[in-house]
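To keep things clear, I will list the structure first and then write my remarks on it.
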Amino acid sequence: MDKLLPLVNSPSDLKILKLDDLPILAAEIRELIIDVCAKNGGHLGASLGVVELITALHYVYEAPKDIIIYDVSHQAYTHKILTGRRDTFPTIRTAGGLSGFCTRSESEYDPFGAGHACTSLSAALGFAAARDLKGEDNKVIAVVGDGSLTGGMAWEGLNQIGSSGRNILVVLNDNKMSISNNVGAIAKYLTEILADEPYNKLKNEIWHLSGRLPKHEKVRGVVAMMEEALKGVMVPGIIFEKFGFRYFGPIDGHDIKLLVKTLGNIKNLPGPKFLHISTIKGKGYEFAENDYLRFHGVPKFDKVTGKTLSISKSLPYTKVFGETMAHLAFNDKAICAVTAAMCSGTGLEKYAKDNPDRFFDVGIAEQHGATFAAGLAACGLKPFYAVYSTFLQRGFDQVMHDVALQRLPVRFCMDRAGVVGDDGPTHHGCFDISFLRPIPNMVIFAPKDGREFRDGLNFAANFNDGPFAIRYPRETVPEESVEMDFQSLELGSWEIIREGSDLAIFAVGSMVYPAWKASEILEKDGISCRVVNARFIKPMDEKILSDTFEKFGSILTVCENSILGGFGEGVLDWMTEKGISDVHIKDLGIPDRFIEHGPREALLHKIGLDSEGIASAALELHQSAKRSTRSRKQN
């Protein structure tokens, strides 16, 4: 039998297929996703779990006229395959290839971009409101996972959608297997009845006829009470009914024929609707089904064995963090760990196992996590809030208002600071220094390696004079191993790791070792560099600053953060405050644009944040300073 997938280049091609063809097509899509993720890595588990759902949505609805918005959109691989991107799908998450998420610039079928959770419902309401204001008649669908319902923004969206009465369908993809088989079977039966067009037509006729009866208001009240009582007892979605939705489900999210039938039956019902489906994360690939945590987001792997192909023998910063936290907590019972649905991602598995009473996963709720940690700190405990740099952006006001304003010692451990690679602009941690540096009472620290990272965590555990932020990259530490011993640090202290005479480089965190290598490159050209490990971004080491500005006429600052508001601006501010004007200074960092996806090393090279780029910028600065000096002498 010929394959069906090559015949489908758009949703209109999909609609030509018979209903009985769809399970076969779903199997072919699933096989393609597994093949490509094995070669490129990617969000495998979530994508495999919604193959039938997304196929059914495009079979029933009329995208791009009808708007389909995916929360996070890491699960939208099937969507990409069915909307004209099948041939380029093998390029997903590679440099110059498809994004791993929905992006408006990539396709007209991606009406709203995403990479963070909890945004789909608010966006869908915006699309629906715009539709109604413009007098259009398209449908709006939001697909949200049960994980996203741990975030407050999702409930804010549900609250307004329900009260608005606008025609929106919310599809809840529940892949946690929290609904037992018997409840699911009953709910499936009720859903088929409640979603059935004849049922709804009969219900509307009864409602209309009852209005002609004497005391019709009481009759209608009894009818409504009977339906609500039935749903309250039999259907687990009564909470969504109370929010103002018509609730359907839960149904089997892998029964594609049932999905098509249900979606077709409720498609033209007016008002807010809520369809609850139950799916299996990693569906159709045994290894992903059995180990859904590891196969949520995977590097390259062997399709046959399920084993990761790119196992590094190096030690990642995340592992150093987890081991150090477990060690510190063993000796200090005041230490607590807080994370936002990222226990594994931040390396806290061992800590959580050893200290279950002092480990708190708040779900996808970064704002709540920050204020919760503030409450712990206000009671004398020592909270470490482990969070990706890009996700802490969501808790900015809480960091400022609830933590820093009250000078509470919350330790913000910002993983994935700087360029992260294949996940792209929604996950690059390019802005944490820029939004934290202006906050009063905030200390910001960036270690150059694993040993200094441990020292910084130990310092933070004993620092109680306000918030302390530590940023570190999605990278391995330069050392092969890191011993569990601690060296003392002084607040605001830097270190000169290489002495020189011609120019100076102030390097932060992940840029220290590349700056060292750049100085070796420059040495071959006869240029001698002082390299400074500017590990404290705030406060800065004024002693080393003063000494360096006194001895060097050219200074390069290097930091893996946005140039705007970053470390270099802090040095320039200090320079201006001191009235220094005779030193040539250049700020090297992430340019003022969103950085695309691709391998971390390639992206750093492209924006000049590797050893070659740093050496080139330093050489250009040095030559410019020499030309300026000659010009002044001639004048």
(message) Can you say whether Glu31 is more than 24 Å from the chain's Cα centre (by Cα) and surrounded by 24 or more Cβ atoms within 10 Å (Cβ to Cβ), as far as the supplied structure shows?
(response) no
(message) Out of Gly297, Gly322, Gly282, I need the residue that is within 18 Å of Gly41 (Cβ to Cβ) and either in the same structural domain as Arg394 (by TED's automatic domain parsing) or buried (at least 21 other Cβ atoms within 10 Å of the Cβ) (or both). Which one?
(response) Gly282
(message) Given the criteria over 17 Å from the mean Cα position of the chain (by Cα), in contact (Cβ under 8 Å) with a residue 12 or more places away in the chain and in the same structural domain as Ile54 (by TED's automatic domain parsing), does Leu172 qualify?
(response) yes
(request) Could you please give the count of residues in region 348-365 that are of a type outside the set (Lys, Arg), farther than 22 Å from Asp291 by Cα and at pLDDT 95 or above? (result) 4
(message) Testing Gly264 on (1) modelled with pLDDT of 60 or more; (2) in contact with a Leu (Cβ under 7 Å, 6 or more places away or on another chain); (3) assigned to a helix (DSSP H, G or I); (4) under 30 Å from Leu19 (Cβ atoms), one condition comes back false. Which one is that?
(response) (2)
(request) Look at Phe287 and say whether it is surrounded by fewer than 19 Cβ atoms within 10 Å (Cβ to Cβ) and assigned to a helix (DSSP H, G or I). (result) no
(request) Give me a count of the residues in region 299-326 that are in a strand (DSSP E or B) and touching a residue at least 60 places away in the same chain (Cβ under 8 Å). (result) 2
(request) Look at Ile256 and say whether it is crowded, with 18+ Cβ neighbours inside 10 Å, touching a strand residue (DSSP E or B) at 6+ places or on another chain (Cβ under 6 Å) and among the β-branched types (Val, Ile, Thr). (result) no
(request) Tell me the helices (runs of 4 or more DSSP H) entirely within region 374-471 that contain at least 3 residues that are outside the structural domain of Asp541 (by TED's automatic domain parsing), in contact with a strand residue (DSSP E or B) (Cβ under 7 Å, 6 or more places away or on another chain) and of a type in the set (Asp, Glu). (result) none
(message) I'd like to check something: does region 359-366 contain any residue that is over 20 Å from the mean Cα position of the chain (by Cα), on the phi < 0 side of the Ramachandran plot, outside any loop (DSSP other than H, G, I, E, B) and not aliphatic (A, V, I, L, M)?
(response) yes
(request) Search region 327-342 for residues that are assigned by TED's automatic domain parsing to the domain that holds Ala386 and pair each with any residue that is part of a loop (DSSP other than H, G, I, E, B) and of a type in the set (S, T, N, Q) when their beta-carbon atoms are under 6 Å apart and the residues are at least 6 apart or on different chains. (result) Ala329/Asn355; Thr339/Thr346
(request) Only residues that are of a type in the set (A, V, I, L, M, F, W, C), in contact with a strand residue (DSSP E or B) (Cβ under 8 Å, 6 or more places away or on another chain) and buried (at least 17 other Cβ atoms within 10 Å of the Cβ): list them for region 259-273, please. (result) Leu259, Leu263, Ile266
(request) Can you tell me which residue among Val171, Val140 is under 15 Å from Leu53 (Cβ atoms) and modelled with pLDDT of 95 or more? (result) Val171
(request) Quick one: count up the residues across region 108-121 that are touching an Asp or Glu at 6+ places or on another chain (Cβ under 7 Å) and without any contact (Cβ under 8 Å) to a residue 60 or more places away in the chain. (result) 2
(request) Would you point out which residue out of Gly271, Gly345 is in a loop (DSSP other than H, G, I, E, B), modelled with pLDDT of 85 or more, out of contact with any His (no Cβ under 7 Å at 6 or more places or on another chain) and assigned by TED's automatic domain parsing to the domain that holds Asn167? (result) Gly271
(request) Read through the list (1) crowded, with 20+ Cβ neighbours inside 10 Å; (2) more than 26 Å from His327 (Cβ to Cβ); (3) within 16 Å of the chain's Cα centre (by Cα), then give the number of the only condition that Gln398 fails. (result) (3)
(request) Residue by residue through region 73-98, note down the ones that are more than 17 Å from Ile34 (Cα to Cα) and either surrounded by fewer than 24 Cβ atoms within 10 Å (Cβ to Cβ) or among the aromatic types (Phe, Trp, Tyr) (or both). (result) Gly84, Ala95, Gly96, Gly97
(request) Consider Ser148 carefully, then state whether it is within 10 Å of Asp71 (Cα to Cα) and either in a helix (DSSP H, G or I) or touching a helix residue (DSSP H, G or I) at 6+ places or on another chain (Cβ under 8 Å) (or both). (result) yes
(request) Taking Ile280 as meeting all but one of (1) in a loop (DSSP other than H, G, I, E, B); (2) under 20 Å from Leu25 (Cα atoms); (3) at pLDDT 95 or above, write down the number of the exception. (result) (3)
(request) Among residues belonging to region 121-145 that are in a loop (DSSP other than H, G, I, E, B) and charged (D, E, K, R), point out the one that is nearest to Ile277 (Cα to Cα). (result) Lys139
(message) Looking at Leu376, Leu405, can you tell me which residue is under 22 Å from Gly322 (Cβ atoms), modelled with pLDDT of 95 or more and among the hydrophobic types (A, V, I, L, M, F, W, C)?
(response) Leu376
(message) Just to be sure I understand, how many residues within region 235-262 are within 16 Å of Val50 (Cα to Cα) and of a type in the set (D, E, K, R)?
(response) 3
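The values are calculated or read from the model by the stated rules, or taken from the named source; none is laboratory data. Here the structure is a predicted model, which means the values were calculated and not measured. Ideal geometry is used to build each Cβ from the backbone, glycine not excepted, and the neighbour counts take in all protein chains shown.
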